[in-house]
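Below: the structure, in structure tokens.
The values are calculated or read from the model by the stated rules, or taken from the named source; none is laboratory data. None of the values given here were measured: they were computed from a predicted structure. Ideal geometry is used to build each Cβ from the backbone, glycine not excepted, and the neighbour counts take in all protein chains shown. Accessible surface areas use protein heavy atoms only, side chains included; no ligands, DNA or RNA. Shrake-Rupley method; radii C 1.70, N 1.55, O 1.52, S 1.80 Å.
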Amino acid sequence: MKQLHRITHADESHWVGDGFPVRTLFSYNTPDAEVSPFLMLDYAGPAEFPAASKPKGVGMHPHRGFETVTILYQGEVEHHDTSGNGGLIGPGDVQWMTAAKGLLHEEMHSAAFTRQGGVFEAIQLWVNLPAKFKVVAPHYQPITSDRIPVVKLDDHGSIVRVIAGTYQGVKGPATTHTPINLWELHLLAGQSVELDFPENYTTLLFALKGSVTINNSATMNDAEIAFFERLGKTITLTALKDATLLVMNGEPIDEPIAGYGPFVMNTPEEIQQAIEDFNAGRFKS
Ligand code: MN
């Protein structure tokens, strides 16, 4: 059995641009965070936006050295980068963006969501890349909801959506640069599931909503995150209220991290280079 290390939550929220009120559940700056290969988790909303004429969001900004994984729950995001790539991310969709050697993009509420208004809710997870992949060309995996396999857990409606890796032999559509399992778990009140993980992988559990007991002892509630020890293989969850959970599991990347805002590299010199490249306009694609 995997031991629970701790359950935490974000004390405050902050705005990313004017479109995303986020709670940061962990980041590469979190002291003592054994979260590798994951770097950061932002939970945006749920927040109500009135109908508007001008899209809210975050304008052109760079990323280098890692991947951003955007998972939409409510609302719609439109993204564009400076090399002409763009698209819509709607409820149930996942965008797995490999920034790698660097890109500039904007992430905005879509035109339709701006016009209609409504509740916005999304997750952005940052995934680190090993040094050898930090220098590859940027690319995207637009993963629409219909491509994400659903595994039934019981006859009551509990399911697992397999975004990356495998769940009981069912493979998710995302291609990853290191071994990662990313599952979205919907567990109905009263139902239990035993999850199996490779030993020595990082394991994090974020509750978007609901309430679950972990290994029949601690209870986690909505907007809380659970950190687990690397040893051990199984976690038992029982839902007290209908729960939606994001399960993040991956092989740690055993390399130094040097990070500065949207740049995450291995050394301070590479961060300096990223800042110089950005200031000199060398982030094109
Ligand atoms: Mn971004």
When the residues of region 60-89 are filtered to those that are under 26 Å from E270 (Cα atoms) and small (G, A, S), which remaining residue is surrounded by the most Cβ atoms within 10 Å (Cβ to Cβ)?
-> G65
Of the residues in region 58-94 that are within 10 Å of the ligand (Cβ to nearest atom) and touching a Ser or Thr at 6+ places or on another chain (Cβ under 9 Å), the one that is nearest to T244 (Cα to Cα) is T68
Is region 103-118 home to any residue that is surrounded by fewer than 23 Cβ atoms within 10 Å (Cβ to Cβ) and farther than 18 Å from P55 by Cα?
-> yes
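Does region 143-156 contain at least one residue that is in a loop (DSSP other than H, G, I, E, B) and under 25 Å from L4 (Cβ atoms)?
Checking region 143-156: at least one residue is in a loop (DSSP other than H, G, I, E, B) and under 25 Å from L4 (Cβ atoms).
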Matching residues in region 212-226 - criterion: being assigned to a strand (DSSP E or B) and either open to solvent by 10 Å² or more (accessible area, probe 1.4 Å) or free of Cβ contacts under 8 Å to residues at least 12 places away in the same chain (or both) = T213, A218, T219, N221, E224
Restricting attention to region 233-285, report how many residues are of a type outside the set (A, V, I, L, M, F, W, C), touching a residue at least 60 places away in the same chain (Cβ under 8 Å) and assigned to a strand (DSSP E or B).
-> 6
Test K171 against the stated conditions and say whether it is out of contact with any strand residue (DSSP E or B) (no Cβ under 6 Å at 6 or more places or on another chain), surrounded by 21 or more Cβ atoms within 10 Å (Cβ to Cβ) and more than 20 Å from M60 (Cα to Cα).
-> no
Residue check: is P252 modelled with pLDDT of 95 or more, within 16 Å of the ligand (Cβ to nearest atom) and not β-branched (V, I, T)?
-> no
Mind checking which pairs have a first residue in region 58-82 that is closer than 16 Å to A47 by Cα and a second that is of a type in the set (S, T, N, Q) and not in a strand (DSSP E or B), Cβ under 7 Å, 6 or more apart or different chains?
-> E76/S110; V77/S110
Residues of region 12-57 being open to solvent by 40 Å² or more (accessible area, probe 1.4 Å), more than 11 Å from the ligand (Cβ to nearest atom) and assigned to a strand (DSSP E or B), which ones?
-> H14, W15, R23, T24, P46, E48
Sort out which residues of region 160-203 are in a loop (DSSP other than H, G, I, E, B) and aliphatic (A, V, I, L, M), and write them in order of number.
-> L188, A189
Are any of the residues in region 132-146 surrounded by 17 or more Cβ atoms within 10 Å (Cβ to Cβ) and of a type in the set (D, E)?
-> no
Qualifying residues in region 149-166 (those that are touching a Pro at 6+ places or on another chain (Cβ under 9 Å), open to solvent by 10 Å² or more (accessible area, probe 1.4 Å) and of a type outside the set (D, E, K, R)) - the one nearest to G65 (Cα to Cα) = G165
Could you check how many residues of region 121-162 are within 16 Å of G92 (Cα to Cα), away from the ligand (no atom under 16 Å from the Cβ) and of a type in the set (A, V, I, L, M, F, W, C)?
-> 7
